[in-house]
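Undergrad: Right, I'll just put the structure down here and ask away after.
Please treat every number below as a calculation from the coordinates, not as lab data. As the structure is a prediction and not an experimental result, all values here were calculated from the model. Cβ coordinates were reconstructed from backbone atoms using ideal geometry, including for glycine residues, and neighbour counts include every protein chain displayed.
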Amino acid sequence: MKCIIIICFVLSVTLETILSQDAVLGNKLEQASLARTFTPGACGGGQTSVCTSCTTLSVCISANDVIDVPCNSTTNAYCQPGDVEASCSTEPATGCAAPSDETVAITCSSVGMLPDPSNCNIYHVCRAVQGISDVYQCPAGTRFNLSVLQCRTQSVSPCVTVTCGATSGFVYYGTSRQYYAYCSVANGVTNRYIFKCPNRATFNMATNSCVYVCAGVGNYVNTNDPATYYQCYVANGRYVAALRQCPVGTSTFNQTLQYCV
């Protein structure tokens, strides 16, 4: 398969400023697994059932005696605490992420925020191309909303995950043509990898590549990787976009100055 250079975007404000907005962006998971610890013997407050782990509902027999009932791992996989009764739910409880085979840090294909391909309750913050992402979980009752790059209520944030077929290949991420994923299917195991085309580019399924649309003749920063830029020129009556790399020793392309600094 033809090699594809995946590169990423720079936010209009710093990640540090964005990530200070915990009310809409959720909490960083210190580990990419079921992180919450539940208190044993929590049946003493008149509850009929409690969560004893992120995926286990326990029916209260007495204050210190419970019957463990694992939640269904394929449908309602997570235990949600309640004032009287706990319940198995499709949404993780606060402090819980998806099962460890789904919620893992990713190798960043871009700088900025990326949705998780398998869990719409979390998202990834990437600070360097080929770096390892920080995993953040949205507050209870919210999901990561791709259009605003924030956690929003479920009523305005449909749950989007990557649906793979029986064979390996690229797929679109929901209805987006800027975000896409690669499904790796081998020996009955499917792995999903999320990517984003630069601003002004969309993913072309026929060529398995991001197609950049020039705004005019000139140089334009690659919003996926500021160490590169697009050189747009006219050839045979149409715009051509050539991806260029800043020289060794320089850091990023400055759009205002029109050169690497």
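Undergrad: Taking a quarter of the surface of the Cα convex hull of the range 183-261, what do you get in nm²? Could the numbers behind the result be given before it?
TA: Working: hull surface 29.2 nm².
Taking the Cα atoms of the range 183-261, their convex hull projects to 7.3 nm² on average.
Undergrad: Over all directions, the average projected area of the alpha-carbon convex hull for the range 214-260 comes to how many nm²? Please list the in-between numbers first.
TA: Working: hull surface 12.8 nm².
The orientation-averaged projected area of the Cα hull of the range 214-260 comes to 3.2 nm².
Undergrad: Next question. For a footprinting-style exposure proxy, rank Cys232, Cys197, Cys159 by other Cβ within 10 Å, fewest first. Don't jump to the answer; show the numbers that get you there.
TA: On the way: Cys232 18, Cys197 25, Cys159 13.
The fewest-first ordering by Cβ neighbours comes to Cys159, Cys232, Cys197.
Undergrad: Just report the Cα centroid separation between the range 232-261 and the range 174-198, whole Å.
TA: One Cα centre to the other: 28 Å.
Undergrad: Can you give me the three principal axis dimensions of the range 122-261 from its C-alpha atoms, in Å, biggest first?
TA: Result, largest extent first: 45, 33, 30 Å.
Undergrad: Determine, for Tyr136, Tyr172, the number of other Cβ atoms within 10 Å of each Cβ, and report the residues in order from fewest to most.
TA: Values: Tyr136 22, Tyr172 16.
Fewest-to-most ranking of Tyr136, Tyr172: Tyr172, Tyr136.
Undergrad: What ranking of Ser251, Ser87, Ser58, Ser49 emerges when the number of other C-beta atoms within 10 Å of each C-beta is taken as an exposure proxy, fewest first? Show your work: numbers first, answer last.
TA: Numbers: Ser251 10, Ser87 14, Ser58 23, Ser49 20.
Result, fewest neighbours first: Ser251, Ser87, Ser49, Ser58.
Undergrad: If you don't mind, there's one more thing I want to ask. Summing Lys, Arg as +1 and Asp, Glu as -1, what charge do residues with Cβ under 14 Å from the Cβ of Val221 carry, Val221 excluded? Before the final figure, lay out the partial values.
TA: Numbers: positive: Arg200, Arg244; negative: Asp225.
Here the charged neighbours net out to +1.
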